Every structure is written in C-alpha cells, then in structure tokens.
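S.K.: There's a structure below that I have some questions on.
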Amino acid sequence: MSAKYGFLLPNESIEYYNIVFNQPGSISNEELAKQVESKEINGRKLSSFRRVYVYIRSPLYYEKACRALKNVDACVQIANIRAFMYIPIRSQLIS
C-alpha cells in the first residue's frame, strides 16, 4: 500500500515519491475505496477476495486499509516485511 498510489499489486512498479498519508498529493479515502472495486489480480477484483493481506508501515496505513475494505468480506492483517541481505565475505590472502 502506498500513500501516493494506494493499493499496489505485486507486479506493479511505481516511481519514487516522498509523500505520506494526509499530505497534499496523497491518495484519498474515497479513491482507496474505489480501488478495492477496480483493482484486479488474475482477473479478480480485490473486493472478491475473502482475505486481503496488506503490508503496512504504520498504524495509519492499517486504518486507511480497513476504511477502504470495510464494505467487503476481507481481513486486513498487519505484517512486517524485513529484508535480509546475506553477503558472503571472502578472506583475502595477502602474500
């Protein structure tokens, strides 16, 4: 979920932005609700899913998602995504 673009599908690419909810340029509650009815995954609208997982950054994102999904039979779950990068360090022998 994006404060500028709203609900994002796994294959959607977006440009960098620096906006948070409730700032000028952020998506409105009404537009989020419209996206629930118009966005599709594999030909199915978000509103047709029984359970929708929304990865969020803060409680405000959770509130916005719940407000948009209130008229559908959906479960919004808070989840943290932590990316770990493993970079092997090779010892260099100096002769």
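The values are calculated or read from the model by the stated rules, or taken from the named source; none is laboratory data. Treat the numbers as computed from the prediction; the structure is a model and nothing was measured. Because the Cβ atoms are built from the backbone with ideal geometry, glycine has one as well, and the counts that use them run over all protein chains shown.
S.K.: Tell me, yes or no, whether the range 52-68 has at least one residue that is modelled with pLDDT of 55 or more, among the polar types (S, T, N, Q) and either assigned to a helix (DSSP H, G or I) or over 15 Å from Ser2 (Cα atoms) (or both).
M.R.: Taking the range 52-68 first, the residues modelled with pLDDT of 55 or more are 52-68.
Pick out the ones that are also among the polar types (S, T, N, Q) and you get 58.
Cutting the leftovers down to either assigned to a helix (DSSP H, G or I) or over 15 Å from Ser2 (Cα atoms) (or both) gives us none.
No, the range 52-68 contains no residue that is modelled with pLDDT of 55 or more, among the polar types (S, T, N, Q) and either assigned to a helix (DSSP H, G or I) or over 15 Å from Ser2 (Cα atoms) (or both).
S.K.: Same structure, new question: So how many residues does the range 9-41 have that are part of a loop (DSSP other than H, G, I, E, B) and surrounded by 16 or more Cβ atoms within 10 Å (Cβ to Cβ)? Step through it out loud before you land on a result.
M.R.: Taking the range 9-41 as the starting set, the residues that turn out to be part of a loop (DSSP other than H, G, I, E, B) are 9-28, 39.
Narrowing the set further to residues that are surrounded by 16 or more Cβ atoms within 10 Å (Cβ to Cβ) leaves 21, 26-27, 39.
Residues flagged as part of a loop (DSSP other than H, G, I, E, B) and surrounded by 16 or more Cβ atoms within 10 Å (Cβ to Cβ) within the range 9-41 amount to 4.
S.K.: I would also like to ask the following. List pairs: first in the range 15-37 and closer than 16 Å to Cys66 by Cβ, second surrounded by fewer than 12 Cβ atoms within 10 Å (Cβ to Cβ) and at pLDDT below 95, Cβ under 8 Å, 6+ apart or cross-chain?
M.R.: Here the result reads Ala33/Asn71; Val36/Asn71, each pair linking the range 15-37 to a residue that is surrounded by fewer than 12 Cβ atoms within 10 Å (Cβ to Cβ) and at pLDDT below 95.
S.K.: Ser48 is checked against (1) more than 15 Å from the chain's Cα centre (by Cα); (2) of a type in the set (Gly, Ala, Ser); (3) at pLDDT 85 or above and fails just one. What number does that condition carry?
M.R.: Failing condition for Ser48: (3).
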